[in-house]
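These notes concern the structure reproduced below.
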Amino acid sequence: MKRAASAVGLLRDERGSAVIEFAFVAPPFVFLLTGMLEVSVMFFTSSVMEGATTEAARAIRTGQVQSEADPVTAFRERLCDSLYHVIDCNEVMFNVRTFSDFGAVSMPIEVDDDGEIVNNGFAPGGSGAVTVVRAIYRWDFMTPLIEQVLPGGDAGNLLISTVAFQNEPYDVN
């Protein structure tokens, strides 16, 4: 009879129920919190990339890059300086192309058989040219399963910053 009474008392004992409830709630909560932090960092990085691309593109728009001995290096240095070491500049791919007018602008992302992005080159154009500058960074998620929620397609998860403009009238000496 004592054994039956102790078993009934054990079933009614509610000590430790908060620990068990926390064990059920904690993993999804931590996963959600980690995912939110990572997406926040991703959006911050995207914002920094937008600013860096705009600043570097301004140097093309005013003809400063075209007047340099090595325009590609001059553009890369301006882009990297504006990234403020938020991401590794060597991992940022950029392409600069000119078009006859804004209606002709088309810059699809081309991916080779290995899943690598094809670089379309560096052609900043001259005075008055319609130019498009695009910077691309491949974002690798650390939080598990978040890539299933934010699918990136064939090229992966990309942060892309694009600036389109018409170069100002300038003289290259």
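The values are calculated or read from the model by the stated rules, or taken from the named source; none is laboratory data. Since this is a predicted model, take the numbers as computed values, not measurements. Every residue, glycine among them, receives a Cβ derived from its backbone with ideal geometry; neighbour counts consider all protein chains shown.
Residues checked against (1) touching a His at 6+ places or on another chain (Cβ under 6 Å); (2) within 27 Å of residue 137 (Cβ to Cβ); (3) free of Cβ contacts under 8 Å to residues at least 24 places away in the same chain:
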{"position": "46", "(1), (2), (3)": "no, yes, no"}
{"position": "49", "(1), (2), (3)": "no, yes, no"}
{"position": "54", "(1), (2), (3)": "no, yes, no"}
{"position": "63", "(1), (2), (3)": "no, yes, no"}
{"position": "67", "(1), (2), (3)": "no, no, no"}
{"position": "73", "(1), (2), (3)": "no, yes, yes"}
{"position": "82", "(1), (2), (3)": "no, yes, no"}
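Residue-level check: of (1) touching a residue at least 40 places away in the same chain (Cβ under 8 Å); (2) surrounded by 15 or more Cβ atoms within 10 Å (Cβ to Cβ); (3) aromatic (Phe, Trp, Tyr), residue 99 misses just (1).
On inspection, residue 115 fails the criterion of being on the phi > 0 side of the Ramachandran plot and surrounded by 13 or more Cβ atoms within 10 Å (Cβ to Cβ). Counting only strands (runs of 3 or more DSSP E) that sit completely within segment 91-173, those holding 2 or more residues that are under 27 Å from residue 36 (Cα atoms) and hydrophobic (A, V, I, L, M, F, W, C) correspond to 130-138, 158-166.
If you check 18, 23, 7 for being over 30 Å from residue 157 (Cα atoms), at pLDDT below 75 and assigned to a helix (DSSP H, G or I), only one passes: 7.
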